[in-house]
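Taken together, the values in this text are just the output of simple stated rules run on the coordinates, not laboratory data. Small disclaimer: the values here were computed from a predicted structure and weren't measured. Every residue, glycine among them, receives a Cβ derived from its backbone with ideal geometry; neighbour counts consider all protein chains shown.
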Amino acid sequence: MSTGTLYLVEIRLGRTRWMVKQTISSLVRMFGIDDFMERHPHVTLFGPFVLKEGISPHQMLDHIRKIVATYDPVLFMIGSWEHREGLHGGVIAFSINPSPALKEMSRTIGEALSPITDSYNQWDGQPDKKWFHVTIANRLDKQKAAAIHTGIDAVLKDNRSGFRVRSHIFRRLILRVRCQLHGIAGTALRPLLVDEVGLRITIMCGQDIMAEYDLVYKRWVSGNELRDVHSWQRTLKAYRRQAGFELVPGSRCEIAPDIIFLIADVHFGHANIIRYCSRPFLVSNVQEMDDVLINNWNCTIAPENRVYFLGDLRYGRSAPPASEYLRRLNGMMTGITGNHDPELLGWKKQVTLQFEGVEFLLVHDPADAPEDFTGWVIHGHHHNNSLRNYPFINFTGRRVNVSAEVIGYVPVSLQEICRVIREHETDGDYEPMLLRYPYVPEQSSPRDC
C-alpha cells in the first residue's frame, strides 16, 4: 500500500443536512459517544485512497471529471439506522437506498480510479456489495455499537413484552432509548425516511475540501466559490427547474375549468420549514420559496378552477398576513383549517365530496377523520416527515397526503389522484408511493407513480 495524502470522493448532504445532523447529535448525546461522531454527514463514493507514485492530483481530478460529467444529479433515500463492523471498529450509520444512477456512478468512479490509486476501503474492490450509508459514529467498541443498534431497534419495534436481553449493557441502553423516544429525557428521537439528491461531488484532501463538481452546471467549483452561498443558491434553483419542482414563470398549459386541485402545508413565510422538511431552498431566502410556490400554484391552477387548500397557509411573526397571499393565488378556493390557520374565518374543518364514484373526506390532520368513515381521506399535516405511514398514497390506510413536499411543490388534481388509485387497484399493486419522485428505489416502500 502506498503512503501519502489521503483523498476521498463523496456526496455531502445538502437539504437534508440539518435534519440528519440533529438526529446524529441526539444519538451521540444519548449514548455519550461524542468523540466518535461524524461531523460532516456524507455518502462515500470511493476511498479513502492515496495516489500511486507518479500520479498527480490534477490527473486524479481529470479522471473523476470524465466520469461524473456524464451524470445528472443522483438521488437516494436516507432510511433508518443500521450497524456494521468497519475496519477500525463498530459503525452506526443511516442506511442509504441508492438510485440506479448513484450505484452506477460509484462503480464507474471506482473503475476509473482503481488503476491510479490504492484504496483503504474494502468495498471499492466489490462494487456490487458496496455499503451505501451515512455514518453517525464510527471507531466504536464493537460490543457497544451492537448494543446501541439493538437498543434502538428494540424500542422502535416496541417489543416490550417479547424482547428479552440478558446483557446489562443492552438493558441499560434500551431503557435510555425508550425514555428518549417517549420524550422523558430531551428531544424525541425518530427514524428517518427522506429523499435526498447529490448535486455536487466533493473531493476531500485530508480534512479539507479540495474541489466539488457541480452535476447541474457540469463544472468544477473550488476556492472561494465553495463557500459562496449564492453559488449554491443558483445550483438549487437550476435543480428545482430540472426536477419540475419550480415551473417556468408565466408558463401554463390550457387547463379545463372542471379540473379540481388540492395542496396542503405551503407554509408561506416560514423559514424554518425549509430545515424541518428539507425543502430545496435557502433558509436565508424565504421570499424565494414563497415566490416559487405561488408561481407553481398559478402556473397550474386557472382562475376558474376549484382548489381545495388543506391547511397551514402561512406561519411566523414575520410572515405577511394570509390575505396578502390569498390575493396572489388563482382559483376558486375552499380553505380547510390547519393548525396554523386560526385567523382564517370562514374556512371549514373538513369537506366530504363524491368524485368519479369515490367518496373523499378532505381534512388537514388525518387523525381528525371520523373512525367510521369508509372512503378515502385526503390530508396534509404530516409533510414528508412520516413517509412510512403517510406517503402520497397509502392504499392500505386509504389515505392521500397532499402536503407540498410530498407532491413536488405543485398542486395535484383530484382527477390524477383517482387515476392513480384506479390503476393500482386494477394491477393489485398496493405499495405506498410518492408523487413526482424521480426514481423507483429498489426494495423500498415509497416509489414513483
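Computed over every Cα-Cα pair of the chain and binned at 10 Å starting from 0, the pair-distance distribution P(r) comes out as 4, 19, 27, 25, 17, 7, 1, 0 percent. What spacing in nm lies between the two simple spin-label points modelled at residue 111 and residue 227, each 7 Å away from Cα in the Cβ direction? With each label point 7 Å from Cα toward Cβ, the separation is 3.9 nm. Ordered by the number of other Cβ atoms lying within 10 Å of each residue's own Cβ, fewest first, 45, 75 fall into the sequence 75, 45.
Restricting the calculation to Cα atoms, the stretch 203-341 shows an Rg/Rh of 1.07 when the hydrodynamic-style radius is the Kirkwood one.
Here the contact order of the chain, divided by its residue count and restricted to Cα pairs under 8 Å and six or more residues apart, works out to 14 percent.
Measuring against 26 Å, Cα to Cα, the residue pairs 130/237; 66/103; 103/218; 21/144; 21/349; 52/130 contain 130/237; 21/349 as the ones spanning a longer distance.
Using amide H atoms built 1.01 Å from N in the peptide plane, name the residues 5+ places from residue 263, or on other chains, whose amide H lies under 5 Å from its own. HN-HN under 5 Å from residue 263: 308, 310.
With a Förster radius of 51 Å applied to the beta-carbon distance between residue 205 and residue 367, the computed FRET efficiency rounds to 0.50. When both the stretch 292-365 and the stretch 224-262 are represented by their alpha-carbon centers, they are found 21 Å apart. Counting only DSSP beta bridges with both residues in the chain, the antiparallel share comes to about 75 percent.
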